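S.K.: Can you keep this structure in mind? I'll have questions shortly.
The values are calculated or read from the model by the stated rules, or taken from the named source; none is laboratory data. Keep in mind it's a predicted model, so treat the numbers as computed, not measured. All Cβ positions, glycine included, derive from the backbone under ideal geometry; neighbour counts span all protein chains shown. Ligands, DNA and RNA are excluded from the accessible area calculation, which covers all protein heavy atoms including side chains. Shrake-Rupley method; radii C 1.70, N 1.55, O 1.52, S 1.80 Å.
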Amino acid sequence: MATTLSSIQAPVSTICAFSQRPHCPTGTQSLLFVSKPSNYVIFAKTSYSFKPSKIRPITALRATPSSSPPTTFHGQCYVLGDNIDTDQIIPAEHLTLVPSKPDEYKKLGSFAFSGLPTSLYPIPFIQPGTDSTQYPIIIAGANFGCGSSREHAPVALGAAGVRAVVAESYARIFFRNSVATGEVYPIELEHEGVNKQCTTGDIVTVDLDRNVFINHTKGKEFVLKPIGDAGPVIDAGGIFAYARKTGMISSMV
């Protein structure tokens, strides 16, 4: 469900503010994360006014624990269709890169979405000669992150400067890897077809407090499903950072 906005006030100074984020390696250990379902509330508004003080700069590090995690992301979006698989997100030939090494983490980000067919996506996600993206928010259709279970997929997006993916639905392992690494927020839309109402380069905002996605360029607002128990884990920088922060495992691990 989309709602036309009658008034929009949003800062645009954060659009091009990016930084590389250090990856928090998960090593060979494994922890099971289970997110219990939330009660979803659908609502609509005819106007939306932002308070700039609540919008966190998108330069904030995501893979490190934060006492004041971001609740709002703002910038340009990159729009994708259905069934975007992990080989399109990060082709297999780049999986030799080790995310725990800063130089290789940065290089991994430079290859994000290099597997997309240029016939369908003529606008490059990473501009030639750069290693980060100008699109901190991904808008996609159904079954995002399908294919192989490579952890490099959300890591590559995080290394490229992506803060949130907003999609109709996710492949289960991609969603879990996003939470486990703390690299990106995998957020689900309440309704279908939102990606068809957006265009790459649109100025958008993802508000996790209000559970809304706003396309300022198109003047529309859409309902998001609450991210639930996954949120604090991503806020902490991933499952192991969360486990250390909450005392589940020793801080020396």
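S.K.: When the Kirkwood radius is taken over all Cα pairs of the stretch 63-219, what Stokes-Einstein diffusion coefficient follows at 25 °C and 0.890 mPa s, in µm²/s? Intermediate results must be reported in sequence, preceding the final value.
M.R.: Working: Rh = 15.5 Å.
D, rounded to a whole number, is 158 µm²/s.
S.K.: Of Cys146, Cys77, which has the most accessible area with a 1.4 Å probe, and how do the rest follow in descending order?
M.R.: Details: Cys146 25, Cys77 0 Å².
So, going from the largest accessible area down, we get Cys146, Cys77.
S.K.: OK, next. So what's the gap between the Cα centers of the stretch 143-216 and the stretch 71-89, to the nearest angstrom?
M.R.: That distance is 6 Å.
S.K.: With label points built 7 Å along Cα→Cβ from the Cα atoms of Lys225 and Asp87, find their separation and express it in nm.
M.R.: Here the answer is 2.7 nm between the modelled labels.
S.K.: Next question. Using the basic label-point model (7 angstrom from Cα toward the beta carbon), what is the Ser250 to Thr200 distance in nanometres?
M.R.: Placing both labels 7 Å beyond Cα along the Cβ direction yields 4.9 nm.
S.K.: What's the extension gain from Arg172 to Ile123 if we count 0.36 nm per residue and subtract their Cα-Cα distance? Don't skip to the answer; put the middle values down first.
M.R.: On the way: separation 49, 0.36 × 49 = 17.64 nm, distance 2.79 nm.
Separation in residues times 0.36 nm, less the Cα-Cα distance, equals 14.8 nm.
S.K.: List the aspartates and glutamates whose Cα lies under 14 Å from the Cα of Lys225, skipping any in the same chain that are fewer than 8 positions away.
M.R.: Straight-distance partners of Lys225: Glu168, Glu188, Glu190, Glu192, Asp207, Asp209.
S.K.: How large, in Å, is the stretch 160-253 by the Kirkwood hydrodynamic radius built from its alpha-carbon pairs?
M.R.: On the way: mean 1/r = 0.0695 Å⁻¹.
The answer is 14.4 Å.
S.K.: For every other residue with a beta carbon closer than 12 angstrom to the beta carbon of Ala142, add +1 if it is Lys or Arg and -1 if Asp or Glu, then tell me the sum. Please report the intermediate quantities before stating the final value.
M.R.: Working: positive: Lys196; negative: Asp82, Glu168, Glu188, Glu192.
The answer is -3.
S.K.: Would you list, by chain and number, the aspartates and glutamates whose Cα falls below 17 Å from the Cα of Lys107, excluding same-chain residues fewer than 8 positions away?
M.R.: Hits, sequence-local ones excluded: Asp87, Glu93, Asp131, Glu151, Glu183.
S.K.: Shifting gears a bit: Given points 7 Å out from each Cα along the Cα-Cβ axis, report the Ser100 to Thr217 separation in nanometres with one decimal.
M.R.: 4.0
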